[in-house]
1. If a residue must be more than 14 Å from chain A (Cβ to nearest Cβ) and in a helix (DSSP H, G or I), how many such residues does the stretch B:117-130 contain?
2. Does any residue of the stretch B:108-120 turn out to be over 22 Å from B:Pro35 (Cα atoms), buried (at least 20 other Cβ atoms within 10 Å of the Cβ) and not basic (Lys, Arg)?
3. So the check is Cβ under 6 Å with 6+ separation or different chains; which pairs have a first residue in the stretch A:123-135 that's within 14 Å of chain B (Cβ to nearest Cβ) and a second one that's of a type outside the set (A, V, I, L, M, F, W, C) and in a loop (DSSP other than H, G, I, E, B)?
4. Looking at the stretch B:87-109, is at least one residue more than 25 Å from B:Arg134 (Cα to Cα) and more than 14 Å from chain A (Cβ to nearest Cβ)?
5. I'm told B:Asp114 meets every condition in (1) more than 21 Å from B:Ser66 (Cα to Cα); (2) away from chain A (no Cβ under 14 Å); (3) touching an Asp or Glu at 6+ places or on another chain (Cβ under 9 Å); (4) touching a residue at least 40 places away in the same chain (Cβ under 8 Å) except one. Can you identify the failing condition by its number?
6. Are any residues in the stretch B:117-153 small (Gly, Ala, Ser) and without any contact (Cβ under 8 Å) to a residue 60 or more places away in the chain, and if so, which ones?
7. Checking B:Arg191 against (1) out of contact with any strand residue (DSSP E or B) (no Cβ under 7 Å at 6 or more places or on another chain); (2) closer than 30 Å to A:Arg24 by Cα; (3) at pLDDT 95 or above: exactly one of these is not met. Which one?
8. Sort through B:Phe99, B:Phe44 and tell me the only one that's of a type in the set (A, V, I, L, M, F, W, C), touching a residue at least 12 places away in the same chain (Cβ under 8 Å) and within 23 Å of A:Asp220 (Cα to Cα).
Amino acid sequence: MTANPMIDEWYPVGILTELSPEGRDTMLMGEPITVACDAAGDPVVTAGDGRSLPVRARYGHAWTSLGTPAKELFDIPEADQPGRRLVDVGVVRVKCSPLRAVENFLDIAHFPFVHTDILGAEPNTEVQRYEVQIREEVDEVWATKVKFYQPQAAKSAEGGITTDYMYRVPAPTVSILYKTCPPRPGEWDVITLFVQPLAEDLCEVWPWMALFDDQTPMTDLIHFQQMIFLQDRSILENQLPRLLPLDPGMEIPTRADLTSVAYRRWLKRHGFTYGAQLVAA
Amino acid sequence: MILYDYVLSPDCYKVRLLAALAGVKITLRPVDFHPGGEHKTAPFLAMNPSGTIPIFEDDGVILTESSAILTYLAAKAGPAWLGDDTPEMRGRVAQWLAFSQRLSASIGKARVHDMLNKPADIEACRKAGTQCLREIEAALVDQRLAGHDFLAGDRPTIADLACFPHSMLAPDGGISVDPYPAIRLWTRRVRALPGFIEMPGIHRLHDLKPEPGPIPERV
């Protein structure tokens with residue numbers, strides 16, 4: 001049995017405001033865990049064999065790890081910026097590889113076809129050239145200078161705009177996107193996908209947002225993001241092969257897939273292969 | 001007319017879909033069903049003691065069953081959607097409206113179990129859902145042999161709108177629709193109706209859109 005480096009990473013396992021003393025039984029990479037809170041309301045995570053797991057309470061969610069994380073939980077400086085509204089979107093279970101959930105979130109080319117008239121629309125389907133790098137100093141995947149025409153980029157957007165995006169992968173099952181903030185030019189809205197791997201082909205997804213939007217009611221913000229993610233869900237559950245292939249075979253990536261290529265390369269370099277297929281596909 | 005609405009609810013979507021197809025404007029009031037559970041709070045229980053959505057309000061009338069809402073909205077804004085005023089068609093429409101409750105109780109429950117972690121006897125839900133799909137498939141085949149494209153006759157009615165969403169969303173709850181060609185053709189016909197709107201999990205027919213570029217002279 002080879003070591004699984006993903007054991008030592010941080011994973012989301014619940015919304016902080018929903019924790020209860022009785023706890024919720026769930027799974028993390030095949031291991032049963034219980035996520036509860038203590039008298040002070042702080043998260044307590046217990047593994048199936050009774051051992052206490054490390055916890056962090058950050059970005060609206062409880063985080064834990066089955067191993068011994070060498071790195072502190074990644075930083076999202078915008079989360080502490082005054083004036084942002086923090087949105088716990090709620091958990092959605094998806095029968096797909098946790099890595100595929102992240103990869104789909106990094107893709108722009110599907111917008112006109114899956115999120116039609118919202119995040120994209122025909123005939124504006126071209127993904128213009130953008131930049132991708134693995135930032136060695138922070139060990140994260142970054143895509144920058146991404147531009148896409150969107151009919152309704154956010155709940156706060158009126159009419160179509162060309163939206164700027166940046167994508168960031170700070171942990172194997174976490175993706176953070178920064179996008180044009182319609183009411184506050186110069187700032188970025190932050191939309192994240194926190195993925196809890198239950199098994200190699202099953203995950204729970206906890207989207208979370210930190211937005212500048214004083215107008216839209218909270219429920220509308222939640223519904224907008226749930227609508228977008230649930231449009232993706234039916235696609236994700238039908239992707240083949242079920243596990244994410246890390247080596248190219250039959251697939252022919254295009255220029256629009258640069259972020260996905262870098263993500264897969266980064267996963268492979270670290271041995272982050274839980275949910276990955278090591279045979280070329 | 002106000003619809004207390006949840007974007008992921010097939011029973012709310014039915015009402016939005018009829019309003020779009022009939023060309024009538026309704027006011028949507030989003031309800032934080034998940035994760036907030038707002039439909040179980042006191043103001044909502046006062047309107048609907050059963051603690052479910054949709055809830056529909058118009059001129060002092062409050063309706064909480066999707067089939068009743070479809071009937072009311074059609075009668076008010078698009079009577080053609082009720083079907084012909086014949087005993088046969090009235091009966092068939094009522095039959096499918098009642099049948100749609102079984103879809104909500106089986107496929108609908110399997111779906112929120114698999115998607116939003118709500119409790120359910122998942123195997124029982126999937127079994128009952130599969131049975132429902134088989135009954136729709138058989139009925140659609142019979143209809144086709146009689147020369148009819150829709151559940152209650154030769155044109156779409158609220159019977160189709162009541163049964164269409166769960167029939168398409170069954171895979172969300174781990175129930176395959178692959179074995180049912182008549183259902184797939186029928187859902188395609190519904191999606192091709194002028195004014196059709198989608199919901200997450202029910203995609204529009206992109207192939208019906210005109211090609212974006214000029215038509216080449218020869219291939």
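The values are calculated or read from the model by the stated rules, or taken from the named source; none is laboratory data. Fair warning: this is a prediction, and the values are worked out from it, not measured in the lab. Please note: Cβ atoms are built from the backbone with ideal geometry, for glycine as well, and neighbour counts cover all protein chains shown.
1. 7
2. Taking the stretch B:108-120 and keeping what is over 22 Å from B:Pro35 (Cα atoms), we get none.
No: zero hits.
3. Final answer for the pair search is A:Pro123/B:Pro212.
4. Yes, the stretch B:87-109 contains a residue that is more than 25 Å from B:Arg134 (Cα to Cα) and more than 14 Å from chain A (Cβ to nearest Cβ).
5. (2)
6. B:Ala120, B:Ala124, B:Ala128, B:Gly129, B:Ala138, B:Ala139, B:Ala146, B:Gly147, listed by residue number.
7. (2)
8. None of the other options fit; the residue is B:Phe44.
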